[in-house]
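Beneath this line is the structure, given in structure tokens, with notes to follow.
The values are calculated or read from the model by the stated rules, or taken from the named source; none is laboratory data. Only a predicted model underlies this, so the values are computations on that prediction, with no experimental measurement involved. Positions of Cβ are backbone-derived with ideal geometry, glycine not excepted, and every protein chain shown enters the neighbour counts.
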Amino acid sequence: MPKLVSFLLIIGLSVSVSWTSGQDISAAQETEQTDPAQQKLDLFHQMEMLTNVPWFYLAAMDQYEKNIRPSQQEDKEKKQLLSIQIPPEEWVGPQNPDAEDTSLASIEFFNGAGMDGDGDGLADPTNDFDLLFTVATRLAQHGFTEDDIRIGIWEHYRSHKAVKLISEFAKVYKTFNTIKLEERAFPLPIHSTYSYRSTWGAARGWGGRRIHEGTDLFAHYGTPVKSVCYGVVEVKGWNRFGGWRIGIRDLNNVYHYYAHLGGFNKDLNIGDVVKPGDVVGWVGSSGYGSPGTSGKFPPHLHYGMYKYNGKTEWAFDPFPSLKRWERQEWDKRRKKK
């Protein structure tokens, strides 16, 4: 009998440890952390172990929602790590009269999406573990191949643009095996000869009256042009205004536009992942005409930034960012001496 009791206790302990592992993680989330990014990364990896959904897709979905939300103040007040959200009516069920319901029984009765991830008997959308477990489980229903995951993401957002951006973010996270990718670089070598000033909004006449959506950095022909960020190459080729140009999307939903190039890095293709400092091309004077047109203006890099908020994309002045990245690179250079 003692052996049987011991055996049952061991089984019970194993089940308890497995069931409460989510509770331990949830409790850890409530403690103050010096590195929220690492805490989130740990949570994504834990969820991959539980659901087999690759962590980098979960991280990409979270980053996408962080980018399109106007404010993170609500998360700060709720002390949540994640930016992912499921609408209340979807979480508790469309016919559920209680928009804040956390009862598994009633949520299931009303066909709600909410699930209990940490084993505390509640399906709480303000609990990061419950929330991520619900999202990951929904994705897992479609399968685990890249196409399966993309179908699951589309079902979640019903947006082809969201699927595209989240897939790009996931590719970057997978490549570098981390979500800590805040480094930036100045687009030209700081030891090279260049000059620039704020030209945002200046009038442009070629091809019809328009405003200048960027900053011109004047430099010698052949000066290397670098990626300023971690991201994915979305566009590469000719544009009648920008000439030979390349477009890179970063993890903040910002599209970085490099135009009037004299040539591209031949090893770089659409869909490739880049990091800050990678050479993407060289300064030239291409543009304002049919493919190959060049020399209608002095050699320079036209650099533009465009932000996507989940609905629309608009240009904003890159000059302040350029000044900040330039200063940061000079600071790094001084520290090395």
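Scanning segment 100-145 for residues that are closer than 24 Å to Asp42 by Cβ and of a type in the set (Asp, Glu) turns up Asp116, Asp118, Asp120, Asp124, Asp128, Asp130. Scan segment 124-133 and tell me whether some residue there is under 14 Å from Tyr57 (Cα atoms) and touching a residue at least 60 places away in the same chain (Cβ under 8 Å). Yes, segment 124-133 contains at least one residue that is under 14 Å from Tyr57 (Cα atoms) and touching a residue at least 60 places away in the same chain (Cβ under 8 Å).
Contact map, segment 258-270: first residue outside the structural domain of Val225 (by TED's automatic domain parsing) and under 16 Å from Leu217 (Cα atoms), second residue polar (S, T, N, Q) and assigned to a strand (DSSP E or B), Cβ cut-off under 9 Å, separation 6 or more or different chains; the map is empty. Filtered by the rule that a residue be buried (at least 20 other Cβ atoms within 10 Å of the Cβ), touching a His at 6+ places or on another chain (Cβ under 8 Å) and at pLDDT 95 or above, segment 260-295 gives His260, Val283, Gly284, Ser286. For segment 297-310, the candidate set comprises residues that are over 15 Å from His212 (Cα atoms) and in contact (Cβ under 8 Å) with a residue 60 or more places away in the chain; within that set, the residue that is surrounded by the most Cβ atoms within 10 Å (Cβ to Cβ) is Pro299.
For the residues Asp75, Asp62, the requirement of being at pLDDT below 95 and either acidic (Asp, Glu) or closer than 17 Å to Asp116 by Cα (or both) singles out Asp75.
All told, Ser167 falls short of being within 30 Å of Thr223 (Cβ to Cβ) and polar (S, T, N, Q). What helices (runs of 4 or more DSSP H), lying completely within segment 97-201, carry at least 3 residues that are on the phi < 0 side of the Ramachandran plot and surrounded by 17 or more Cβ atoms within 10 Å (Cβ to Cβ)? Fully inside segment 97-201 and qualifying: 128-140, 146-157, 160-176. All conditions in (1) modelled with pLDDT of 95 or more; (2) closer than 20 Å to Val92 by Cα hold for Asp118, with the sole exception of (1).
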